[in-house]
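K.L.:
I have a structure here, written as C-alpha cells, and I will follow up with some questions on it.
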Ligand SMILES: Cc1cc2nc3c(=O)[nH]c(=O)nc-3n(C[C@H](O)[C@H](O)[C@H](O)COP(=O)(O)OP(=O)(O)OC[C@H]3O[C@@H](n4cnc5c(N)ncnc54)[C@H](O)[C@@H]3O)c2cc1C
Ligand SMILES: Nc1ncnc2c1ncn2[C@@H]1O[C@H](COP(=O)(O)O)[C@@H](O)[C@H]1O
C-alpha cells in the first residue's frame, strides 16, 4: 500500500509565536519542527506500510527552511518527501493548502492518505476533509486505531460518546488522533534521513491558483485571567480548598 | 427579526436528540433571520420539537443509516445551501468533516474556532488564535455561503416555544466514492454522574496522577462534590479514561462553577476548554506550572497527599 502522509512543519511551540504586522500571519523561522500531531500519522503510516510492503511518502506545504521538521519525519522511517514551497503560498488558507497537497498527491499517486486531526499552530481542523473531497475519496476521521487489509482500511473512530468501527475500500483518507504512540527515530534513521529524496514543487508546477476568501481585520490580545492565591502545601493546604468550596457554596 | 439573512445549521444527532451545541447554534442563528436545520440521524418527534422550540423554521432530515454520514451529508448540504448566507457547524467530528467537504465542493473558505459571528455589513467571525492569547476578527470576502465552524458553548441555547417546523426528508445522495465508508459497529462508553457539560463542579485529572488506577480518587472527589470527572488529553491518550472525559481544544469546553485541576500542567490546549470556569482550583507540585496563572487558588503540593486529605475532610462533613 502506498501511503501519503501529511506532515506540517511549524515554529517550535516552546517559543512564543510572532505575527507579521501587515497580514497577521505567523512568522515562520528557518528552523521549523515537525508538528507533534503528525508524528502519530507517520507512525500509523509506517506500521501499515510495514504490514503491506508499501511505501510512505511525506507531503508538506511550507517554507522548506532547514528542512528540520521533514528530516524528523524521514528519520522515523518514511521513504521520501514531497514539499511545496512557494513564496505566494504565504498565509494560504486551509482550502488552498488542501488544493495544493491534493494536487501533489494526485501527481505522485497513493492508496491511502493519512493526516492529523488538527495542527498545533493553525488548528482549523478541516484541511484533510477538504482534501478528501478534492481527491474524491471517503474520509475516515478521528481514528484512534487503524488496520488495513486487502484493499480496505478499518478504523476506530472517536465519537462524543465512545467510538464507532468504520471501514472503507481504498483509496481513502484517514485522520488520526494523538492516541497512537509514535516511535523515536533511531541513530541509523537519523543518518539515513539526510540522504532520502525530497522533491520540491511550486503552486504553479501543480497548476493550483491561489485565492483567498478571507481577511483578518483586527488582532487584539485577550485579557488573561488574573491568578489568585498560591498556597505551599504543608499538610494542611486541603483546608484552603474546603474553605473556598464553602465560600462559593459548593459545600 | 428577519434581516433577510438566511442561515443553515448542521446538526448531527447525539443519543437520539439534537445536541446542546445544535440548540446553541439555532438560538444564535435566529437572531439573523430564518434558520434551516440540516439534521443527520434517525430523527424523532421529540427532536423536531426541540429544533422548532429553539427557533428552527425548517428542517431537512437525512438518515444515513450505516453509511458514514460525512460524505453523503456534505453532498446533500452543498446542493441545498447555494443561496444561503451563512452555514454554521459545531465543533463535533462529523461537523468538521462535513464543513471541510462542503467548502471544497463549493470552493469557499471555512473559518474555524468561531466564538462569535456578525452579519451586519458583511459577515465577520470572531475567534481566538495561538491558544486563546489573541482575539481576531476575520471578514469573509468570498461569495456566500459563509462557512463557519464554532467553538462549543460560544452561544447560549434559549427556547422560543416555537412549534414543530416542516420536515423535509433528504434522500441519500449519490456521492460516489465519498459514500464508500460504512459504520460497522457502534460503542457507547458509559459514564455515571452528571455530564461534563452540565456539571456545576468538575474535578479533572492529568498525567501528574502518575497511573491509571489513581484516577479513582478523581472519581471519588467528583462524586463527593456532586460533580463530574474530566481529564487532559495526555491521560486519554494513555488510555486511562475514555475520550468523553477530555476537556480542551479537541475535547469538551466546560464552564462549571468550580473546576479542580489535579496534576495538570495547564497547556494552552487544555486551558481553552476550561478557562471560562467561575472558580479554578489547581493542585500541582511544580510551582511554575502554567495552570497556576489562572487559578483562583493554587496548591503547590503532591496530588497523592492533597486529594486524599480533601476527600477525608469532605467525608467527615457529610
Ligand atoms: C492540536 C492539539 C490539540 C490538543 N488538545 C488537547 C485537549 O483538548 N485537551 C488537553 O488536555 N490537551 C490537549 N492537547 C495536549 C496538550 O498540549 C498537553 O499535552 C496536555 O494537556 C498535557 O496534559 P497533562 O497536563 O495531563 O500532562 P503534563 O503536561 O505532563 O502535566 C502533568 C503535570 O502534573 C504535575 N505533577 C506531576 N506529578 C505530580 C504530583 N505527584 N502531584 C501534583 N502534580 C504533579 C507536573 O508538574 C505537570 O505540571 C492538545 C495538543 C495539540 C497539539
Ligand atoms: N501545510 C501543511 N502541510 C502538510 N500537512 C498539513 C498542512 N496543514 C495541515 N496539514 C495536515 O492537516 C491536519 C489538520 O490541520 P489543520 O486543518 O491546520 O488543523 C494536520 O494535522 C496535518 O496533518
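K.L.:
For a quick check of your reading of the model, give me the residue pairs whose first member lies in region B:150-163 and is at positive phi, whose second is surrounded by 13 or more Cβ atoms within 10 Å (Cβ to Cβ) and part of a loop (DSSP other than H, G, I, E, B), with beta-carbon atoms closer than 7 Å and at least 6 apart or on different chains.
P.N.:
Qualifying pairs under 7 Å: B:153/B:253; B:153/B:255.
K.L.:
Quick check on region B:308-317. Is at least one of its residues more than 17 Å from residue A:248 (Cβ to Cβ), crowded, with 23+ Cβ neighbours inside 10 Å and more than 16 Å from ligand 2 (Cβ to nearest atom)?
P.N.:
No, the conditions are met nowhere in region B:308-317.
The rows are residues; the columns are (1) part of a loop (DSSP other than H, G, I, E, B); (2) more than 14 Å from chain A (Cβ to nearest Cβ).
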{"site": "B:152", "(1), (2)": "yes, no"}
{"site": "B:161", "(1), (2)": "yes, yes"}
{"site": "B:164", "(1), (2)": "yes, yes"}
{"site": "B:168", "(1), (2)": "no, yes"}
{"site": "B:183", "(1), (2)": "no, no"}
{"site": "B:187", "(1), (2)": "no, no"}
{"site": "B:192", "(1), (2)": "yes, no"}
{"site": "B:196", "(1), (2)": "yes, no"}
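K.L.:
Hey, among B:263, B:248, B:301, which residue is within 8 Å of ligand 1 (Cβ to nearest atom), surrounded by 19 or more Cβ atoms within 10 Å (Cβ to Cβ) and farther than 28 Å from residue A:177 by Cα?
P.N.:
B:301
K.L.:
Return the total of residues in region B:69-95 being within 14 Å of residue A:138 (Cα to Cα), touching a strand residue (DSSP E or B) at 6+ places or on another chain (Cβ under 8 Å) and in a helix (DSSP H, G or I).
P.N.:
Number satisfying all stated conditions: 5.
K.L.:
Oh, and also: Mind checking which pairs have a first residue in region A:159-183 that is at positive phi and a second that is outside any strand (DSSP E or B) and within 16 Å of ligand 1 (Cβ to nearest atom), Cβ under 9 Å, 6 or more apart or different chains?
P.N.:
Every condition considered, the pairs that remain are A:162/B:242; A:162/B:243; A:162/B:244.
K.L.:
Within 11 Å of chain B (Cβ to nearest Cβ) and farther than 22 Å from residue A:170 by Cβ: which single residue out of A:94, A:102, A:75, A:98 fits that description?
P.N.:
The conditions single out A:94.
K.L.:
Could I ask something else about it? Can you tell me which condition residue A:126 does not meet? The list is (1) touching a residue at least 40 places away in the same chain (Cβ under 8 Å); (2) at the interface with chain B (Cβ under 10 Å from one of its Cβ atoms), and all the others hold.
P.N.:
(1) is the only condition that residue A:126 fails.
K.L.:
A further question follows. Among the residues of region A:40-72, count how many are closer than 25 Å to residue A:202 by Cβ and more than 16 Å from ligand 1 (Cβ to nearest atom).
P.N.:
16
K.L.:
Next question. Restricting to region A:135-153, what's the tally of residues that are within 8 Å of another protein chain (Cβ to nearest Cβ), surrounded by 21 or more Cβ atoms within 10 Å (Cβ to Cβ) and over 23 Å from residue B:91 (Cβ atoms)?
P.N.:
Number of matching residues: 1.
Per-residue answers, yes or no, for (1) touching a strand residue (DSSP E or B) at 6+ places or on another chain (Cβ under 6 Å); (2) surrounded by 15 or more Cβ atoms within 10 Å (Cβ to Cβ); (3) at pLDDT 95 or above:
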residue: A:184; (1), (2), (3): no, no, yes
residue: A:187; (1), (2), (3): no, no, yes
residue: A:201; (1), (2), (3): yes, yes, yes
residue: A:209; (1), (2), (3): no, no, no
residue: A:212; (1), (2), (3): no, no, no
residue: A:217; (1), (2), (3): yes, no, no
residue: A:231; (1), (2), (3): yes, yes, yes
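K.L.:
Of the residues B:218, B:184, only one is touching a residue at least 12 places away in the same chain (Cβ under 8 Å) and within 16 Å of ligand 1 (Cβ to nearest atom); which?
P.N.:
B:218
K.L.:
Please find, among B:124, B:91, B:103, the residue that is more than 16 Å from ligand 2 (Cβ to nearest atom) and at the interface with chain A (Cβ under 10 Å from one of its Cβ atoms).
P.N.:
Just one listed residue meets the conditions, B:124.
K.L.:
Of all residues in region A:164-179 being modelled with pLDDT under 95 and in contact with a strand residue (DSSP E or B) (Cβ under 7 Å, 6 or more places away or on another chain), which is farthest from residue A:133 (Cα to Cα)?
P.N.:
Ranking the qualifying residues of region A:164-179, first place goes to A:179.
K.L.:
Yes or no: residue A:159 under 23 Å from the mean Cα position of the chain (by Cα) and facing chain B (nearest Cβ under 8 Å)?
P.N.:
Here the answer is yes, as residue A:159 does meet what is asked.
K.L.:
Answer yes if at least one residue in region A:15-22 is within 16 Å of ligand 2 (Cβ to nearest atom) and more than 14 Å from every other protein chain (Cβ to nearest Cβ), and no otherwise.
P.N.:
Scanning region A:15-22 turns up no residue that is within 16 Å of ligand 2 (Cβ to nearest atom) and more than 14 Å from every other protein chain (Cβ to nearest Cβ).
K.L.:
Suppose we filter A:196, A:249 for residues that are more than 8 Å from chain B (Cβ to nearest Cβ), surrounded by 13 or more Cβ atoms within 10 Å (Cβ to Cβ) and part of a loop (DSSP other than H, G, I, E, B); which single one remains?
P.N.:
After ruling out the rest, the residue left standing is A:196.
K.L.:
Here is a follow-up. How many of the residues in region A:1-39 are in a loop (DSSP other than H, G, I, E, B), within 16 Å of ligand 1 (Cβ to nearest atom) and in contact with a helix residue (DSSP H, G or I) (Cβ under 7 Å, 6 or more places away or on another chain)?
P.N.:
Counting residues in region A:1-39 that are in a loop (DSSP other than H, G, I, E, B), within 16 Å of ligand 1 (Cβ to nearest atom) and in contact with a helix residue (DSSP H, G or I) (Cβ under 7 Å, 6 or more places away or on another chain) gives 3.
K.L.:
Quick check: is even one residue across region B:278-289 within 16 Å of ligand 2 (Cβ to nearest atom), under 25 Å from residue B:155 (Cα atoms) and surrounded by 22 or more Cβ atoms within 10 Å (Cβ to Cβ)?
P.N.:
Among the residues of region B:278-289, not one is within 16 Å of ligand 2 (Cβ to nearest atom), under 25 Å from residue B:155 (Cα atoms) and surrounded by 22 or more Cβ atoms within 10 Å (Cβ to Cβ), which makes the answer no.
K.L.:
Among B:250, B:232, which is within 16 Å of ligand 2 (Cβ to nearest atom) and free of Cβ contacts under 8 Å to residues at least 40 places away in the same chain?
P.N.:
B:250
K.L.:
Against the definition (in contact (Cβ under 8 Å) with a residue 12 or more places away in the chain, within 30 Å of residue A:213 (Cα to Cα) and under 15 Å from the mean Cα position of the chain (by Cα)), how does residue A:89 come out, yes or no?
P.N.:
For residue A:89, the condition - in contact (Cβ under 8 Å) with a residue 12 or more places away in the chain, within 30 Å of residue A:213 (Cα to Cα) and under 15 Å from the mean Cα position of the chain (by Cα) - is not met.
The values are calculated or read from the model by the stated rules, or taken from the named source; none is laboratory data. Remember, predicted model here, so these are calculated numbers, not experimental data. Positions of Cβ are backbone-derived with ideal geometry, glycine not excepted, and every protein chain shown enters the neighbour counts.
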